[in-house]
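Derivation of every value follows stated rules applied to the coordinates shown; laboratory data play no part. The model shown is predicted, which means the values in this text are computed figures rather than measured ones. All Cβ positions, glycine included, derive from the backbone under ideal geometry; neighbour counts span all protein chains shown.
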């Protein structure tokens, strides 16, 4: 059973369990963690429409659950889950009710300052775990920007750890979609009570660049032009598919955290002062 899906977590300490939440920890626990090469995972996502059958917090719920389950699975060194960055870059969805977004510059400043704060506390191994398509490119930009300050952030989008799973699909092979087969499957696995099966609908694909051209060129995300705001086919979703995607992504993330824990922290100007 997955222990945490809600945005800020239900809280382990209240159930007598070991907490992995930054915002639940006591001062002495964070100080102790600093002595053991900890890894901090920052869940990143969005609040936006995902068709008529899904809740608004699909993207952040996936990374929150993955981060917490990964942290709980590792007990030989600290893995801490930072408060989630629930608001993302989803201006292209503002034509659909329920969407909340930041502007590009605000998002960069917001995420950068969160990472700077974590590093200023002494935590040097940071994973920015993303679950929203609109955050993919900009999180990589933020990672590059912060590296110049010797703040090392590993930006990962969870489904990019699991292409083999995504490729094994009935209707949506090789892409996460938007309220389609895979995101709906994850929701059916994590919290099926929030899915309204009676309202599932598959919108026809919009016309665009050819598949061949899209291998090397694409537009930025823009407003979802499908009638019901769905990209993909949720009618083929299942809890079993969601479980496969979740558990494979979790295994990959555990491996990432273990490798990051063992690696020395690098310096941007390690091989010379060429930057300034």
Antiparallel DSSP beta bridges within the chain, as percent of all bridges there, nearest 5:
10
Do the sum for the chain: with -39,500 (n - 2.57) for every DSSP H run of n ≥ 4, divided by all residues, what is the mean residue ellipticity at 222 nm, to the nearest 500 deg cm²/dmol?
-10500 deg cm²/dmol
Helix 104-120 axis, angle to the chain major axis (alpha carbon atoms, nearest 10°)
30
Theoretical FRET efficiency, 1/(1+(r/R0)^6), r = Cβ-Cβ of residue 36 and residue 100, R0 45 Å, to 0.05:
0.75
With Cα atoms, 0 to 90° folded angle of helix 239-262 axis to the chain main axis:
20
Could you work out how far apart the two model spin labels at residue 163 and residue 268 are, taking each label as a point 7 Å from the Cα in the direction of the beta carbon, and quote it in nm?
2.9
If you find the alpha carbon centre of the stretch 70-85 and of the stretch 179-208, how far apart are they in angstrom?
29
How high is the FRET efficiency from residue 239 to residue 76, r the C-beta distance, R0 22 Å, rounded to 0.05?
0.10
Tell me, what is the percent relative contact order of the stretch 13-262, built from C-alpha pairs under 8 Å that lie six or more residues apart?
23
State the extension gain, in nm to one decimal, for the chain segment bounded by residue 201 and residue 140, taking 0.36 nm per residue of separation less the distance between their alpha-carbons.
18.7 nm
Here, residue 121 and residue 109, labelled 7 Å along Cα→Cβ, have an inter-label distance in nm of 2.3
Calculate how steeply helix 181-190 sits against the longest principal axis of the alpha-carbon atoms of the chain, using the helix alpha-carbon long axis, and give the answer as 0 to 90 degrees to the nearest 10.
60
